[in-house]
Each structure stands twice: as C-alpha cells, then as structure tokens.
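The values are calculated or read from the model by the stated rules, or taken from the named source; none is laboratory data. All values derive from a computational prediction rather than experimental measurement. Quick reminder, even Gly has a Cβ in these numbers, built from the backbone with ideal geometry, and neighbours come from all protein chains shown.
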C-alpha cells in the first residue's frame, strides 16, 4: 500500500454520521443531544462500541473526556489525537462536533483496514459539554483539561433543573479516573464544518485554519430621558435610541476598517420603555468585536472606547461601556497548520486559509499541545440549527486531509 | 363688579384638585382611577355633588359623558362648555384631565360667588374613558359624541377581565339617557397641563393652542439573515439591525427638516433572535411622524416611504413599511383660539403658542363645535406618571384665562 495514496471510506464516514444522528434526531432533521443527558450517554456508548470494535483502548478522565487509543510502534511517544465533541445545541445539526469525532474514527478504521502501523499512537477523542447549552461554561471538558478553570468549578455547574455536572457524569457512567490534563498529546487536530459562509462563497473544499479569532464583548447602556413623542420638540429631546444607533453603526464601521478579519456585531438590543409613542429613555445593547490579530483587536477596542466617550460628550447623554468578556486570538501551531496545508496540497483539494470566528475545543487543546483545525464547507454557513447541512464529498475530503495530517505527525 | 377684573379663587381650585386626587391616590403621590371602575364612580359622584352644590343641572348621555349646566339669560342659546376627563392612567397624576374639569367648575363657582349672569348657559363637562388604559378606543366618550365611532362599538369594548363598557357604565350608575351628540355647544374649551416641556423651557405661563398635531404611525420590518457573529465576514452579512438603524436615524432627520412642528420618533424596537453573538436576522420597529400641517405631514410620509424603498434597493434586504394609523392635524376654531389669546393678553400673562402633540377630547369636540385649548406648564414636561406636577400659580392663571375666554363666548 502506497501510504501517499491512502484514502478514507467516504460512504462509511457518512453512514457513521447518519447513525449517530439517529440518537436525539429531531423532526426537522436535526439533533438534540444535550451534554450529560440520557441521549448523550447513548451517543457516547455508540462511539465507544465503534472504538472497541476497532480494538481501541479507552480511557476516560474525571470530567468525562474520552480518549480511544490505537497503539503505535513506539509506546513511549505521546499520541497524535483527533476529535471534537458529540453533544449538540437544543436545536442542533448532525455535523457540528460529531464530524470531528467520526472523521477521526474513520481515520482509525482506514488504518486498520489497510494494516498500517504508525510510529506514535493515534487517538480519537471527544470532549465533554462543548456547546454549553445545558451547563456553563462552554467547552467545559477541554477547558478543565487545559486548566482554564478547575474541575470543581465544572462539577458544580448546574442546569436549569438544578442538576450538577458531577452527579450527571456519575449517573450516565462517564465519571472517569484519569486526571484531566494528565494525557500528553503529540498533536491535536480537529476537523469541523466551517460554521460560516467563506468556503462556500469562494467555492473551496478545504479551509486551512491558521488561528481562531480573539473576541471582546461589551455591554453598552445609553441613558436618555423618556418623554411623549408628540408634545416634545426635537431640540428638547434626550432620545437614547438615536444616540445608541450611532454607536451601533460605528461598531460595524470599526470592523470594516480592519479587513479582512475584523468583525463587529450588535446582536442584542433592549429599548425602555419600548412603547410606540414614547421617546426611548434608555437603550441597552451588546457589542461584539473580533479580530485574529491581538494588536488590531486592541486598536478596535480603543476605537469603540473613544467613540463612546466622544458620543457621550457630544450628545450630553450618559453612556456606559463595560467590557464583559475577552479572549485573545489563538494562533494554531505552525507544525499542525503546515501538516494540514501539505496534506491538502498532496491530495489536490481546492483550498484557502479560513480563520475561525467561533470557539472550538481546539483552542483549549492548543494551550497544552500543538493543535490545528481543518474546515469543510457547510451549507449557507449555517450551524447551531436543525437545517445545518454539509456535502458528503466535502466531509470525505476533510477526513482525507485529517488522515494525512495525522500520518505526517505520527510518523515523524 | 368689573367683569374685566374678575378672577377665580386659586386656593379653592387647588383644594378641589387635591380632594379629587384623594380618590385613587397612590403611595407615590399619583392617582389610579381607571375608567368605569369603583373609583371612577366615586370621582364622578364627588364632582356631581360639587356641581349640585352650585345649583347646576346635570345631564348624562348614553356613553356616560356628563354635562353640568349653569343657565344663561337666554335659554335658547347653546352652552359654552368647558371640561376634560377625570379617569387616569394606571400610574397617572393629579392634573391630567382633572384640571380641565375642575378649572371649569371653578369658573362656575366664581360666577356664582359674584352673582354674574351670562347670556348663554355655561357648562362643566367630563368625558368618559379619555385615557383608554382600561378600554380601547381612547377618547371614547368624546369619540362617540362626535360620531368618530358608534355607541355599540364603544359598548362592546372589554377590559382584560372581559367586562364590557355598557355593563360597567350601568353598574356604576352612569348609563345616561341623552343621545350622544344631541347636545349643541356654542363652544368647547379645555384647559390642560401641557404634557410637554415647551412652556417650562421658554418660561411662559399660558400656552395658546392653535392646533393639535396630526400623526402617521408605521410598522417597519427589515428582513436580513441570521448568522454567527464570528465566522461571518463583514461583506457576506445581511445584518438587519445595521440597515434598520439607518431608517431610525432618518426618521429623526425628516422631523428636523420640518421645524418647528415636525416630530419623528422610533419608540419600539424588537430584534430577532436578539442574541449577543448572532447577527440580527430581523428587526421590527415603530415609526411615529407628526406635524401640525397636513401638507407637511404628507411630505414627511413621502420622505420616509422613499427612504425605505431606497434603503431596500441599496442594501438588497427586504424591508416592509406599513402605515398602521393616521390622524390628520386638528386646527382649533379661530374664534376660540382668539378668545384664549385675548383673555391671556387682558390678564397680562406671559404666553406663547404651543401646538399640542398629544390627543385630547377637544379634538373630537372640534368636529361638532368651535373648540379651543389652554395649556399651562407641567414640571419637566412629564405626565402619565405619578410624579406629574404643576404649579398652583400656573393652574390659577390657566383657570383665569378659561374664565375670560368663556365669558367672551358666552356674552357675544
């Protein structure tokens, strides 16, 4: 077997995706499989059964992260790991997360089928509660793994019914022994649908992901004065909404001044008292700024801060701007990015670099090991939605890239 | 007695206002006396008792409007009427409506005290359910009186508990015999707190009200495309909020192009899905345009219509603009406006013209008789609020103007 021409089985990968999507399937063709629910247990059990059938050695850590190992020739080498998560949003799709796990499983099946040994072990991983829909914080398993927050903090998280993560892990049989993070990795790869429209728009098959954007989140409150819409002349108004709209527009203008990776979004708006014939007395809204370059993200932060201050001075209204969240950009490891790039070139797929705007377990994995990601197109850029869709040929291509990127890291 | 120097008793007027405000008094110093409630009955009964004590003849029509007549020398002349309403908002104040009724009562008391006869009869009126808080439509009693809508339509209106206007009128004993509108009026005057900041801002005591503004109300819906705030590049977005903010700003810009009586307000905004990290897929908002000149209001209508069409074409987003309500401007009768103006000049109060931006029973009264209004300042332009406030000296001045405006119409 010429390893350079090795390909995964696209039909087998698709069947695994469809089989796993049966667990928690929704009427609209999506999946609802919330973290640590009975359905999550069924999904986990199915993936473990598939792993055992391939002879993989299973280890589970104390936050329920699962690693399924295919031994290498050299047991002293840390494994080359690939994975993602199998929990979904309440109205989630078949591919988000699941694809990264089953593409890794397909890599193992392909290696087994062709009897190919690797120098380093190969592992299929899935992380607990990436979505954060039922329990906060999001990316819980990988976050504990890399030390972003403590195991106890994660254990004490409760869902709306008051059920604790630790108790739910025990209940579904996934409270493991391994200490989170005590699991060296030679490299970590995560294949994922893009969750954006860039690849589809450019008609490319593989996105090489050099980095994940940093983000800066704000709450902004403009305080004006409620008054009757009729009797109050324009020059005597303190209309909070009119001033707020200037800042909403500037949020987008700032992003447009930092192409191609600047992002600016106002997604949440609350107007008080929100009555047709009352001039708004207060407007609260969110601001979401992102960039892949930390220096540029900081400039964007300074620009929104300055603009809000200038708008307050100009309008005479009180305006507060509070930064409520900040994550710096996460560049992936050059070795992993390069492995993905070379594998893509070797396989001849059309490709482009796509910076990830969304969070992934790979961000936390990157804190403790060389990490990289592979994106494939998703229909209309839509995810976290039951109509989330992807083409079998693209999913197959992404898994082939994963196979060869892992082989590059596992033999060297 | 030199009639030209006749003055009302400001202390007596204030006491009447405070006494009536006890019925439904709230802890915060306001009044809650909803139309046709037990408290409304108590308020009505008190005002009728005061009227009877002054020897007034009381008639009640089928929608519960009350007229209390002081005969004139010539019983064939239609009466000069003044009044307003005594129902309040759920968190209403002491002066809105009540002032117009009790200022008219104070006029009668003053005439009685000084034994002054008028040629035409003088009447104190109050109209049913002006506020519209409990039953829709607003300005119900005056609306039925002038034929804006039918008695049956008003009778069938229900509150949130399902109680009907007709039944509640009967229950509180104010379902009268007189056919609404079968009550000729020589003129109708209404004294009222301004409900806006104009007099206070200009430091004037009396507002002569030449007209009530017309209004044009719209629902606007901008349809974009929901997408993740991170993975979606700026140039591939269809951000409904960003496009909506242009229209929100233009609403105010249009009003500013038609000074001094143009008004433009966006009071209600609903963003979907209204999540911090999702680009808004749809924004619904209200537009409120007003002007005192119908031709200018029509130009404002054409401008917002054109702007929305141009914005839809420019952005490629679908935008709907639906006019949901329209009231033409209501100029008051020159004879009544002039009577108020001359009375003010004669009394030497500082004055200015103030167009009413809010609705009043006088608008409907103006459809069937010469009508006019008198405004006095209210603190910070605030009404429909328990902190609504007005100065006793201003209320006294307004009642003096009402007295002399009525005398002008009642003797001529």
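Descriptive notes on the structure:
- Residue in region A:387-406 that is within 12 Å of chain B (Cβ to nearest Cβ) and out of contact with any helix residue (DSSP H, G or I) (no Cβ under 6 Å at 6 or more places or on another chain) present: yes
- Residue match in region A:204-220 (condition: more than 30 Å from the chain's Cα centre (by Cα) and within 7 Å of chain B (Cβ to nearest Cβ)): no
- Scanning region B:247-260 for residues that are surrounded by fewer than 22 Cβ atoms within 10 Å (Cβ to Cβ) and facing chain A (nearest Cβ under 8 Å) yields B:249, B:252, B:256, B:259, B:260.
- Inside region B:22-78, residues that are touching a helix residue (DSSP H, G or I) at 6+ places or on another chain (Cβ under 7 Å), free of Cβ contacts under 8 Å to residues at least 24 places away in the same chain and more than 26 Å from residue B:138 (Cβ to Cβ) make up a count of 0.
- Residue B:362 vs. criteria more than 12 Å from chain A (Cβ to nearest Cβ) and closer than 27 Å to residue B:216 by Cβ: yes
- Scoring residue B:368 on the criteria (1) within 24 Å of residue B:261 (Cα to Cα); (2) away from every other protein chain (no Cβ under 14 Å); (3) surrounded by 15 or more Cβ atoms within 10 Å (Cβ to Cβ) leaves a single failure, condition (1).
- Of all residues making up region B:221-238, the number that are more than 7 Å from chain A (Cβ to nearest Cβ) and touching a strand residue (DSSP E or B) at 6+ places or on another chain (Cβ under 7 Å): 8
- Residue in region B:77-90 that is at pLDDT below 95, within 21 Å of the chain's Cα centre (by Cα) and in a strand (DSSP E or B) present: no
- Filter result for residue A:118 (touching a residue at least 12 places away in the same chain (Cβ under 8 Å) and within 15 Å of residue A:44 (Cβ to Cβ)): no
- Selected residue (only one of B:360, B:384 is in the same structural domain as residue B:127 (by TED's automatic domain parsing) and buried (at least 22 other Cβ atoms within 10 Å of the Cβ)): B:360
- Residue in region A:141-152 that is crowded, with 18+ Cβ neighbours inside 10 Å, assigned to a loop (DSSP other than H, G, I, E, B), at negative phi and at pLDDT 95 or above present: no
- Subset of region B:261-305 (residues that are facing another protein chain (nearest Cβ under 7 Å) and free of Cβ contacts under 8 Å to residues at least 12 places away in the same chain): B:274, B:275
- For region A:236-246, a residue qualifies if it is surrounded by 23 or more Cβ atoms within 10 Å (Cβ to Cβ) and free of Cβ contacts under 8 Å to residues at least 60 places away in the same chain, and the qualifying residues are A:239, A:241, A:242, A:244, A:245.
- For region A:336-360, a tally of residues being in contact (Cβ under 8 Å) with a residue 24 or more places away in the chain, assigned to a loop (DSSP other than H, G, I, E, B) and more than 23 Å from residue A:291 (Cβ to Cβ) returns 2.
- The conditions of being surrounded by fewer than 21 Cβ atoms within 10 Å (Cβ to Cβ) and either in the same structural domain as residue A:11 (by TED's automatic domain parsing) or closer than 25 Å to residue A:392 by Cα (or both) are not met by residue A:84.
- Filtered by the rule that a residue be more than 14 Å from chain A (Cβ to nearest Cβ) and either at pLDDT below 95 or within 30 Å of residue A:225 (Cβ to Cβ) (or both), region B:166-201 gives B:190, B:191.
- Residue A:375 falls short on exactly one of the conditions (1) away from chain B (no Cβ under 12 Å); (2) touching a helix residue (DSSP H, G or I) at 6+ places or on another chain (Cβ under 8 Å), and that condition is (1).
- So residue B:118, is it surrounded by fewer than 24 Cβ atoms within 10 Å (Cβ to Cβ) and in contact with a strand residue (DSSP E or B) (Cβ under 9 Å, 6 or more places away or on another chain): yes
- Residues of region A:160-187 that are assigned to a loop (DSSP other than H, G, I, E, B), surrounded by fewer than 17 Cβ atoms within 10 Å (Cβ to Cβ) and at negative phi: A:160, A:161, A:163, A:177, A:179, A:182, A:184.
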